[in-house]
Amino acid sequence: MVRFFVAPEDLEREKVSLVGENAQHAKVLRLKPGETVLLCDGEGREAVCEVESTDGWLLHSMKRRESQSEAAIKVSVYMALPKADKLEHVIQKATELGAYEIVTFPSARCVSRPDEKSLKKKLERWEKIAASAAEQSGRGRIPKVLVLGSFSEALTRAAQADKALMFYEHEEALTLKMALSSGSYTTVSLLTGPEGGLEEAEVTQAREAGLQVCTLGKRILRCETAPLCALSAVMYDAGEF
């Protein structure tokens, strides 16, 4: 079913008119009166609607409900600021895989350290990438993209999840499978480092903050591969695949 993201208040109306890019998209799809479409508020609610008129793209709301395509668990991906456009790739794919939110932050070995002005522009682009990926993959919710000011702030926030996990290439004892099998969970935080990895002092700090430090196997994964690998494994373990 074709879906459109609209403002939350539009979802509460009996009749909604598509405007802007949504109207253009409806025109390209050649929607006809009587066809059924789905309106999503980007926050997990949706409405089944019928096209009433193509003049102004008027829709009639028939049924409101919770999104049928969202994961039962909330997985937050925490990724240290990478170089170039690697974060864009992670945002797109993590959204497709069902991430609840994507959070980026600076760490000791981060090469990329954008100033406030450029970071604002990047954040706008990242939010658009998340929205586009959510629409393409049939999500009912657009994951939030957040930028934190420090590594400590990221640890404090990540530690609030039922399963708060950090991945470190020199960890050998605790595997992701072991970490996930020790008790039930509905929220998960997955924290990974930048291209140069995490410093030992940061790993110690993470443990002290309450995160479990895990290995993702014997091979060294790129910074843009590790979070997607971990996210996929968690979704599989939770029965989402």
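Report the FRET efficiency, 1/(1 + (r/R0)^6), for Glu199 and Glu96, where r is their Cβ-Cβ distance and R0 is 35 Å, rounded to 0.05.
It comes out at approximately 0.65.
Can you work out the accessible area per residue across the chain, with the rest of the protein chains kept in place, probe 1.4 Å, in square angstrom?
Value for the chain: 52 Å² per residue.
Got a sec? What order do Val147, Val6, Val90 fall in by accessible area at 1.4 Å, biggest, i.e. largest, first?
Solvent-accessible surface, decreasing: Val147, Val6, Val90.
Over the chain, what is the mean sequence separation of C-alpha contacts under 8 Å (at least six apart), divided by residue count, expressed as relative contact order in percent?
Rounded, it is 20 percent for the chain.
Of all the accessible heavy-atom surface of the chain, with the other protein chains kept in place and a 1.4 Å probe, what percent is carbon and sulfur?
Answer for the chain is 48 percent, counting heavy atoms of protein chains only.
Give me the orientation-averaged projected area of the Cα convex hull of the chain, in nm², one decimal.
That works out to 13.9 nm².
Just by accessible area at a 1.4 angstrom probe, what is the order of Arg157, Arg207, Arg139 from largest to smallest?
Ranking Arg157, Arg207, Arg139 by accessible area, largest first, yields Arg207, Arg157, Arg139.
Quick check for you: which residues of the stretch 22-40 have the amide N under 13 Å from the point 7 Å beyond the Cα of Met62 toward its beta carbon?
33-39
Along the Cα-to-C-beta direction of His89, a point sits 7 Å from the Cα; which residues of the stretch 197-241 have their amide N less than 13 Å from that point?
221-229
To the nearest 10 square angstrom, what accessible area does Met178 show with a 1.4 Å probe?
90 Å²
What figure in square angstrom, to the nearest 10, would you give for the accessible area of Arg65 with a 1.4 Å probe?
60 Å²
In nm, what is the difference between 0.36 nm times the number of residues separating Ala72 and Asp162 and their Cα-Cα distance?
Answer, rounded to one decimal: 31.0 nm.
The values are calculated or read from the model by the stated rules, or taken from the named source; none is laboratory data. From a predicted model like this one, the values you see are computed outputs, not experimental measurements. Cβ: placed from backbone, ideal geometry, glycine included. Neighbour counts: every protein chain shown. The accessibility values were calculated without ligands, DNA or RNA, using every heavy atom of the protein model including side chains. Shrake-Rupley method; radii C 1.70, N 1.55, O 1.52, S 1.80 Å.
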